[in-house]
1. Collect the residues in the range 1-39 that are touching an Asp or Glu at 6+ places or on another chain (Cβ under 9 Å) and part of a helix (DSSP H, G or I), keeping them in residue-number order.
2. Look at PHE30 and say whether it is touching a Leu at 6+ places or on another chain (Cβ under 6 Å) and farther than 20 Å from ASN253 by Cβ.
3. Could you go through the range 400-414 and let me know if any residue there is assigned to a helix (DSSP H, G or I), aromatic (Phe, Trp, Tyr) and within 19 Å of the chain's Cα centre (by Cα).
4. Closer than 17 Å to SER339 by Cα and under 23 Å from the mean Cα position of the chain (by Cα), is that true of PHE62?
5. Need the failing condition index for THR431 against (1) modelled with pLDDT under 90; (2) not in a helix (DSSP H, G or I), just the number.
Amino acid sequence: MLTLLIAVGAFVGYLVAYHTYGRWLSGKIFNLDAGAIVPSHELRDDVDFVPTKKEVIFGHHFTSIAGTGPIVGPAIAVFWGWLPALAWVLVGSIFFGALHDFGALVVSLRNRGQTVGEVAGRLISKRARLLFLLILFFALTIVLAIFGLVIASIFKSYPESVISVWIEIPIAVAIGFWVYRRGGGLLLPSLVALALLYAAIYVGVYHFPFSFAAIGLEVSNPIITWTGILMAYCFVASVLPVWTLLQPRDYINSHQLIVALGLLGLGLVVAAATGQVDLAASAPAIAETAPSGAPPIWPFLFITIACGAISGFHCLVSSGTSSKQLACETDAQFVGFGSMLLEGGLAVIVILACCAGVGMGVTTEEGTLLTGLAAWQTKYDVSGGWASFGLSQKVGAFVDGGANFVSSLGIARELAVGIIAVLVASFAATTLDTATRLQRYVIQELGVTLRIAPLRNKYTATAIAVVLGGAMATIPAPGKPMGTGGLILWPLFGATNQLLAGLALMVIVFYLWRRNISIWFALIPMLIMLIMPAWALSWQLFNPSSGWALPLLEMTSGQQAWTWSNTHLLFTIGLATLGLQLWMIIEGVLLWPRARGVLEEALPALDNFAKAPDQLATGETP
């Protein structure tokens, strides 16, 4: 019953937060105006700037931010106990994440769809613009490498998911042309697409779990092969107009999420009503001891669970793609604030699935069925310690726990596993292609800022994004085969992502500060999200027990020569990110006393950019 009460209480709380705190932000703080001119109309080019119905853009926005982040993060964090993870998700998603996503969306809407990095250049300083863009570049490179590896690993571990994920592409393209070129309706095609998607899941589970060998190909390392295929797809998806693939695919996935969450919710209700699930007996509320090798819960809880509570990547989606497609300013609450609350709801379900769901039963290699705490400990292999908890276990915990919920409805467990695996893979894929488009914007903006003309070309910028992301994903981790590079960067993802969230909140605070609008509700989350990730990153960089400090020990001991390794890659990127953040904070502190009530420099007149749509968002004069 505790499991059901938590789920119901969380979703009721989110509804209340949307209609109270969200409405207060929309009306009293940001004063959204339905008659305001938005970038999708003002700069319409039918490639990046496309006016879109709020239901469609909600689907794009939500599926882009809700990749595997709200799945992997909670799956790790429950090692400290499900209660701290749940508390951070509930508080973080409402008072940190929803504010962050919504604020970044509104600020970008009122600055011609500029990314937060570009806006920082006018709100804080020109140096801050370059610093922010460099941080975005590092962060998105890590996202591309990790999510490329995540999807490739899912395809390898759950071959039944392959057909469903790839069949979405031609279906989405067909829907895009039907709606935008033929003026057709959207509802019926999307429902047909959803039916085809679930039919493909059935085929993948029972008739054709895809493998390269099944089609006559000999592949020595499927992870590398899949990563290369995914990066090639991302290149194409990033340069196509958003209406041809990005929007319709995300819209289909949003329907898939509704169905999957419905199945998970109903399964949870049935399991709780029939006594199959017991959260208290399945996992500790607060772990008495952390797994061996685990970092301290404080501050690492705040960077382990990013998506689901607050994530810096979301500000890139808000200001990079969604702000260019929103058709009306008042839609921002539904898209920005609402999407984050729904992602928080997903994270709550993940926590319950990874604890109570897994506790419903795990079958050992000997065929023994374990339930309760024994099932959870066996599934998570607690004895192996933190370091042994690999990517497949993180994703597998949710897939297995969620499948247990779904199978309580009478659905065959192998089909339930296929449904949840496709859900995870589809979300990761939408995040990957959105991240590629965002990285293209960042590289183009760096080209403008640094006056490097080739970088302003969208094809060149996209090629750099996918080649660099693919290379980082496929390099070997220490003692691992090729195709494990994303695992090297995983420890960096949480810290860098949350530092980015703190800096985005800083941009939002300066936007309000310059307009004499109250900032206390944003200032507190900003300070926490600047301090906690910097604290965690410093611990990883300078604590000898972290495993990152080898380069520092080599430099200080004088007894060991500097030998480049993947640990040095972690140390170098981490130190550079921390340095850039500190520099940007200094820029903000120096400006703070002089900024209150002083509006930033206005954007140039649109007349100067009539024939240069690619330069409209950057504000550069042709």
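1. LEU2, THR3
2. Working: touching a Leu at 6+ places or on another chain (Cβ under 6 Å): no; farther than 20 Å from ASN253 by Cβ: yes.
So PHE30 fails the test.
3. Keep residues of the range 400-414 that are assigned to a helix (DSSP H, G or I), which gives 400-407, 413-414.
From the residues that got through so far, the ones that are aromatic (Phe, Trp, Tyr) too are 405.
Next cut, within 19 Å of the chain's Cα centre (by Cα) only: none.
Checking the range 400-414: not a single residue is assigned to a helix (DSSP H, G or I), aromatic (Phe, Trp, Tyr) and within 19 Å of the chain's Cα centre (by Cα).
4. On the way: closer than 17 Å to SER339 by Cα: yes; under 23 Å from the mean Cα position of the chain (by Cα): yes.
Yes, satisfied.
5. (2)
A quick yes/no check of all residues on (1) farther than 17 Å from LEU197 by Cβ; (2) part of a helix (DSSP H, G or I); (3) at pLDDT 85 or above:
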{"residue": "CYS234", "(1), (2), (3)": "yes, yes, yes"}
{"residue": "SER238", "(1), (2), (3)": "yes, yes, yes"}
{"residue": "PRO241", "(1), (2), (3)": "yes, no, yes"}
{"residue": "LEU261", "(1), (2), (3)": "no, yes, no"}
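Table: residues versus (1) loosely packed, with under 14 Cβ neighbours inside 10 Å; (2) within 26 Å of the chain's Cα centre (by Cα); (3) touching a residue at least 60 places away in the same chain (Cβ under 8 Å).
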residue: PRO159; (1), (2), (3): no, yes, no
residue: VAL165; (1), (2), (3): no, yes, yes
residue: ILE169; (1), (2), (3): no, yes, yes
residue: ALA172; (1), (2), (3): no, yes, yes
residue: TYR180; (1), (2), (3): no, no, yes
residue: GLY184; (1), (2), (3): yes, no, no
residue: SER190; (1), (2), (3): no, yes, yes
residue: LEU194; (1), (2), (3): no, yes, yes
residue: ALA199; (1), (2), (3): yes, no, no
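For (1) closer than 30 Å to ALA281 by Cα; (2) surrounded by fewer than 19 Cβ atoms within 10 Å (Cβ to Cβ); (3) among the aromatic types (Phe, Trp, Tyr), each residue gets a yes or a no:
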| position | (1), (2), (3) |
| --- | --- |
| PHE11 | yes, yes, yes |
| LEU15 | yes, yes, no |
| PHE30 | no, no, yes |
| HIS41 | no, yes, no |
| ARG44 | no, yes, no |
| ASP48 | no, no, no |
| PRO51 | no, yes, no |
| PHE58 | no, no, yes |
| HIS61 | no, no, no |
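The values are calculated or read from the model by the stated rules, or taken from the named source; none is laboratory data. Everything numeric here is computed off the predicted structure, so don't read it as measured data. Here the Cβ is made from the backbone with ideal geometry for all residues, glycine too, and neighbour counts use every protein chain on show.
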